[in-house]
Amino acid sequence: MKTVHNFNAGPCVLPREAVNVAIEALKDFAGTGMSVIEISHRSKEWEAVMKETEDLWKELLEIPEGYRVLFLGGGASLEFLMVAMNFMNKKAAYLETGVWAKKAIKEAKAFGETVVVASSADTTFNYIPKGYTIPADADYFHITTNNTIYGTEIKEDMDSPVPLIADMSSDIMSRPVDVSKYAMIYGGAQKNVGPAGVTFVIVKESALGKVERYIPTMLDYKTHIENDSMFNTPPVFSIFVMNETLKWVKKMGGLKAVNKMNQDKADLLYAEIDRNSMFVGTAEKDSRSIMNVCFVMSPEYKEKEADFMAYAKERGMVGIKGHRSVGGFRASIYNACPRESVEALVKCMQDFEKENK
């Protein structure tokens, strides 16, 4: 098998252990003689996986009583609509920190007054706004904790005078989270907790049922709570890989240990970006993400961008091209990205500087 260093933003690198177990389950799931993608979602074998996966979420995040964990389809993009449909009566507040926050705001506007309390659009979303006021009459306040395209991150669980809802698609399970501060946390799995195809939702049951509008059956969180995420056939394979990925997180020592590992990788890469005369980080230092490290060539070496991309590719770097909307480079160093890959990228940057400066 070809050796590469996978920095893809999503779908992204997964623990090899989870991938290998999934391969075997594709052949024979739980000794049933059937593949995991053939098994009935009503079988006792599959129901055990669903229960175990929910229990792992509760254990790793220390989710308090009164919350439910759901596994849905549609990705975070569908949640943008479902959040507003299930939580907004008249008014909602949003923090605009990037493309995905903008998409969430767009969907919310269809359901009522949508207030942007602060935005970092003025400098192409390279910082997390501070010093804003959350309207006390808002039905909820929505944040996007990590911004994959621009490399910024909210790393602390804030206090909010109204129900707090967070899109944690790209930094969930990368650090401990005080779930009690949130009415809901959601995201696509394809960063830290599994492959594309399943969306996780952690929702406080008492926060639901407060809107006056009719909610279509499939878009009502209560439907999925009442049916244990199996109102319709769930994305079985994606949930199975999620289960194995969460087992790996637990094996690594849980979220405190994983956070330390992630911070160490990020510190290593940012230190090289700050040291290397050929590169410049794009996010403000106090807003830098430990999941998505974004950088560009220094102005005097701008013409070397394509050369570095080719140079890195020759050395096995995959997925470091920046998002098409911003250009430059992006190294996504999610939980399963090994330190060795970050070290290889740092060495690649150092060698390129020596050969081209």
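The values are calculated or read from the model by the stated rules, or taken from the named source; none is laboratory data. In this text, all values refer to a predicted model and were calculated from it rather than measured experimentally. Virtual Cβ from ideal backbone geometry, glycine too; neighbours counted across all protein chains shown. Ligands, DNA and RNA are stripped out before the accessible areas are found, and what is left, the full protein with its side chains, is counted by its heavy atoms. Shrake-Rupley method; radii C 1.70, N 1.55, O 1.52, S 1.80 Å.
Mind checking whether some residue in the stretch 31-49 is open to solvent by 10 Å² or more (accessible area, probe 1.4 Å), in a helix (DSSP H, G or I), of a type in the set (A, V, I, L, M, F, W, C) and in contact (Cβ under 8 Å) with a residue 40 or more places away in the chain?
Within the stretch 31-49, one or more residues are open to solvent by 10 Å² or more (accessible area, probe 1.4 Å), in a helix (DSSP H, G or I), of a type in the set (A, V, I, L, M, F, W, C) and in contact (Cβ under 8 Å) with a residue 40 or more places away in the chain.
Regarding residue 288, is this residue within 18 Å of the chain's Cα centre (by Cα) and at pLDDT 95 or above?
Values: within 18 Å of the chain's Cα centre (by Cα): yes; at pLDDT 95 or above: yes.
When the stated conditions are applied, residue 288 passes them.
For the stretch 257-271, name all the residues that are in contact with a strand residue (DSSP E or B) (Cβ under 8 Å, 6 or more places away or on another chain) and either of a type in the set (Gly, Ala, Ser) or crowded, with 20+ Cβ neighbours inside 10 Å (or both).
Keep residues of the stretch 257-271 that are in contact with a strand residue (DSSP E or B) (Cβ under 8 Å, 6 or more places away or on another chain), which gives 266, 269-270.
266, 269 - these are the residues of the stretch 257-271 that are in contact with a strand residue (DSSP E or B) (Cβ under 8 Å, 6 or more places away or on another chain) and either of a type in the set (Gly, Ala, Ser) or crowded, with 20+ Cβ neighbours inside 10 Å (or both).
Condition first: of a type in the set (S, T, N, Q) and open to solvent by less than 40 Å² (accessible area, probe 1.4 Å). Can you find one or more residues in the stretch 73-87 that meet it?
yes
Return yes when residue 327 is over 14 Å from residue 5 (Cβ atoms), open to solvent by 10 Å² or more (accessible area, probe 1.4 Å), assigned to a loop (DSSP other than H, G, I, E, B) and modelled with pLDDT under 95 and no when it is not.
Working: over 14 Å from residue 5 (Cβ atoms): yes; open to solvent by 10 Å² or more (accessible area, probe 1.4 Å): yes; assigned to a loop (DSSP other than H, G, I, E, B): yes; modelled with pLDDT under 95: yes.
So residue 327 fits the description; yes.
Could you please let me know if residue 53 is of a type in the set (Ser, Thr, Tyr), more than 16 Å from the chain's Cα centre (by Cα) and open to solvent by less than 20 Å² (accessible area, probe 1.4 Å)?
Criteria met by residue 53.
Check off (1) surrounded by fewer than 23 Cβ atoms within 10 Å (Cβ to Cβ); (2) touching a Phe, Trp or Tyr at 6+ places or on another chain (Cβ under 7 Å) for residue 295 and give me the number that stays unchecked.
Checking residue 295 against (1) surrounded by fewer than 23 Cβ atoms within 10 Å (Cβ to Cβ); (2) touching a Phe, Trp or Tyr at 6+ places or on another chain (Cβ under 7 Å), the one that fails is (1).
Which count do you get for residues in the stretch 156-213 that are touching a residue at least 60 places away in the same chain (Cβ under 8 Å), part of a strand (DSSP E or B) and under 18 Å from the mean Cα position of the chain (by Cα)?
11
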